[in-house]
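Participant: Pasting in a structure now, in structure tokens, and then I'll have a few things to ask.
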Amino acid sequence: MNGSTLVVAPIAVPLIAAVLLLWIEARAPRWLRLCSALSLLAGIVVAATLSSIVDMDVSGVRAPGLHAVGDWAPPFGIVLVADGLATLMVLLAAVVVGISVWQSMVLGSDLTGRYYHTLVQLQLMGLNGAFLTGDFFNLFVFFEVLLLASYGLLLQGGAERQLRPGLHYVVINLLGSALFLLGAGLLYGAAGTLNMADLARRLPDLDPQAGQLAAVACTLLGVVFALKGAVGPLGLWLPGVYTRLPGGVAILFALMTKVGLYALLRLYVDVLAAAPEIWLAGARMVLWCAGVLAMAMAAFLVLGVSTLSGLAAAVVLISSGTILSALSFATVPAISATLYYLVHSTLAAALLFALADLLRRERPQARDDFTSSESLSPALRAWLAVGLLAVSGLPPFSGFIAKFGVLAGSFGHSGWSGFWLLVLVAGLATLARSADAWLTIGGGPRAARPASFAALCPVAVLAILGVAIALAAAPVQQWSLDAARQIESGTSRMALDVDVHPRTGAHP
């Protein structure tokens, strides 16, 4: 299988696995877990292989990770693009989803509802499709696939406490989908295409009336992606939903907001990079303001949370604001540091959600509240310390390197001082609340039901990954730097040989 054909595999593998697991659950349920685990391992292998062969060259040559489905010439057909950023996200999704299912199987929460493993595969398919697609219409399609799967996962177990936030989540995302469809329709009406590479070529040449319509369409898409990325006021739905997620599903959902942020990055850096300067100036201002507002709101939320899952949800909101503000600087160093921070924040939030799940099982009365009414086993208390250090941005974990990188990448640019202030304030708030959680959780006299070694393994893997990307910071940062250069140069969304170059408009 060559590099171009392999681009389809991250979408095809979970789709085939979902169909097979649906049949296995009905006919041979004892093989369900084994087959699910094997399919997830296959997904990780495919993602790692695709990441290893993607062409990171920014000289303008065609990368191998481009595939026109059905050999339809873009922009008329479906184009899948595996550049450095897309393959990074696909690999991150494969790892996080795998750990999520691992924890669910170890704790038995995968058996509390029907079709769990099928829904996970469908969600992974939607995630990978959203990361690899080269046009906004198929981005909408894959968004809907992953959202439909997330609705089922959200209600796994059927607990009453999940129903109200589940309804809020469904309604909010249905509204977002309607706005997405409206924005995509307006953009197609203005530019005549939804292919990202083709849009980057056509936007500068639109007549004034079509340009105004395209600006409105891009604004609508930005609002939708900010809603799905849980940015600022548009993210107020997140804590109520994420703190009630069952079992390992919360680990998976730690990745969900990154899809909206990824789409915002594609819209802002890939598509609007060649747009009129007034568009870019307005987009930069909106991104910066929305990001710092999101960080300010999340910092206040951190100080008021009383559960570990609530702290994890607040960390997700802080990361969304930080990523959005960092993107507003739109330089290669800023984008590179943002990509590293994105990986760190996803793993750190997933680690906290995994720990919160174990706390609820060891302390059935106090659950994951910041209280000393029930004690913790020494092993879980030790891993809790590791998780709190990871989200606080202290060495040797990747948070310190990630935050230093985004601060350094923004230095000297317009608005950098306000961004620095909010990053430091949010970091101090997280550190203070983490310290308080460590001092208050599990200090009671009564012994708890200790978590088993198997239950602690997913937590350990997440923690080790956080340390690993810090110890291997140089190669990871080099990968993110190459991906940022690739995006900035335009080769990340270069069309196939039959199309024109998205930046210059010249035929290859």
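Participant: Report the calculated FRET efficiency for ALA472 and ALA28 (r = Cβ-Cβ distance, R0 = 30 Å), to the nearest 0.05.
Facilitator: For R0 = 30 Å, the calculated efficiency reads 0.15.
Participant: Could you give me D for segment 367-417, from Stokes-Einstein at 37 °C and 0.692 mPa s, where the hydrodynamic radius is the Kirkwood radius over C-alpha pairs? Units µm² s⁻¹, please.
Facilitator: 244 µm²/s
Participant: Right, another one. Would you mind ranking TYR188, TYR151, TYR116 so that the residue whose beta carbon has the fewest other beta carbons within 10 Å leads the list?
Facilitator: The most exposed by this proxy come first: TYR151, TYR188, TYR116.
Participant: Sticking with this structure for a sec: So how tilted is helix 256-265 from the main axis of the chain? Cα-based, degrees 0 to 90, rounded to 10.
Facilitator: Orientation of helix 256-265: about 20 degrees from the principal axis.
Participant: Here's something else I'd like to know. Lys and Arg at +1, Asp and Glu at -1: add these up for the other residues within a Cβ distance under 13 Å of SER480 and post the number.
Facilitator: Net local charge, SER480 excluded: -2.
Participant: Counting just the Cα atoms, what span does the chain cover along each of its three principal axes? Round to the nearest Å and put the largest first.
Facilitator: Sorted largest first, the three principal extents are 72, 58, 42 Å.
Participant: May I ask you to derive the relative contact order of the chain, considering only C-alpha pairs under 8 Å and at least 6 residues apart, and to give it as an integer percent?
Facilitator: Worked out over the chain, it gives 17 percent.
Participant: Now for a different question. Under a plain spin-label model, where a point goes 7 Å from the Cα along Cα-to-Cβ, how far apart in nm are VAL19 and ASP205?
Facilitator: 4.1 nm
Participant: So how tilted is helix 136-154 from the main axis of the chain? Cα-based, degrees 0 to 90, rounded to 10.
Facilitator: Its long axis makes an angle of about 10 degrees.
Participant: Helix 416-440 versus the longest principal axis of the chain: what angle, 0 to 90°, nearest 10, using Cα atoms?
Facilitator: 20 degrees
Participant: Sort out for me the Cα centre separation of segment 331-373 from segment 179-246, rounded to whole Å.
Facilitator: Result: 29 Å between the Cα centres.
Participant: Convex hull over the alpha-carbon atoms of segment 81-120: what's its volume per residue in Å³?
Facilitator: It is 52 Å³ per residue.
Participant: Something else: Test of understanding: ordering SER306, SER320 by Cβ neighbours within 10 Å, fewest first, what list do you get?
Facilitator: Arranged by neighbour count, lowest to highest, SER306, SER320 become SER306, SER320.
Participant: What is the mean projected area of the alpha carbon convex hull for segment 170-219, to one decimal in square nanometres?
Facilitator: 3.4 nm²
Participant: Here's something else I'd like to know. Order of GLU144, GLU25, GLU277 from fewest to most other C-beta atoms within 10 Å?
Facilitator: Final ranking by Cβ density, sparse to dense: GLU277, GLU144, GLU25.
Participant: Viscosity 0.692 mPa s, temperature 37 °C: what is the translational diffusion coefficient of segment 92-159 from Stokes-Einstein with a Kirkwood Rh over Cα pairs, rounded to a whole number of µm²/s?
Facilitator: Value of D from the Cα-based Kirkwood radius: 263 µm²/s.
Every read-out reported here was derived from the displayed coordinates using simple, explicitly stated rules and does not represent laboratory data. If you're wondering where the values come from, they're calculated on a predicted model, not measured in any experiment. We place every Cβ from the backbone using ideal geometry, glycine too, and count neighbours over all the protein chains shown.
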